[in-house]
C-alpha cells in the first residue's frame, strides 16, 4: 500500500465560530490561500458549549492540535468571550493531568475577514506540531515510563 503523505502529518482541528472564525476561514478560501491539508474546520455556534473532556478525547483519538477561532471580545454573545476563556483554562488543567502539552490547544480571535491572522494561526500550529510530534506518542510516553 503506498504511503500517504497526508496521514504522516499531525492533524489540526479548528473549532470556528460562525460569527468569527468560520467566516474568516471562508474568506481565506475565497482568496484561494493555501494552508496545510491536515486541517479540519468544524463550524460551531459557541465553543463554550464543549466540555474540557471533549478536547482531551479529541487528543486521545488522534487530533494533534486544536485551535479555537472565535470573535474574541468583539463577539455578539457575551458568554462566548468569557466562557471560552474559562473553558480553555479548565481544559489546560485537565490536559496537564493527562500529560498533554498545553500548546496543542490555542485560542485565537479571528474576525470575518481575517485572512492573514487565520493563515498565521494555522501555520504556527502546523510548525509547532512538526516540532513536538504526534499527540499519541506524547500520551504513550508517560504510560511507558510507568511500565
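Each value in this text was obtained by applying a stated rule to the coordinates, not by laboratory testing. Source: prediction; values computed, not measured. In this analysis, Cβ positions are derived from the backbone assuming ideal geometry, glycine residues included, and neighbour counts consider all displayed protein chains.
Listed values, structure above:
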{"item": "Nearest-ten-degree value, helix 78-97 long axis tilted from longest Cα axis of the chain", "result": "10 degrees"}
{"item": "Which of 49, 125, 69 has the fewest Cβ neighbours within 10 Å, and the rest in rising order", "result": "49, 125, 69"}
{"item": "Residue among 59, 118, 50 with the largest mean-square fluctuation in a Gaussian network model of the chain, springs linking Cα atoms under 10 Å", "result": "50"}
{"item": "GNM result for the chain, Cα springs below 10 Å: residue of 108, 23, 93 fluctuating most strongly", "result": "93"}
{"item": "Listed values (1) 12, 41, 34, 12, 2, 0; (2) 11, 37, 31, 15, 5, 1; (3) 10, 27, 28, 20, 12, 3, 0, entry calculated as P(r) over Cα pairs in 10 Å bins from 0, in percent", "result": "(1)"}
{"item": "Order of 135, 56 - criterion: other Cβ atoms within 10 Å of each residue's Cβ, fewest first", "result": "56, 135"}
{"item": "Helix axis angle, 115-132 relative to the chain longest principal axis, alpha carbon, degrees", "result": "10 degrees"}
{"item": "Folded to 0 to 90 degrees: helix 135-146 orientation relative to the chain principal axis, Cα", "result": "30 degrees"}
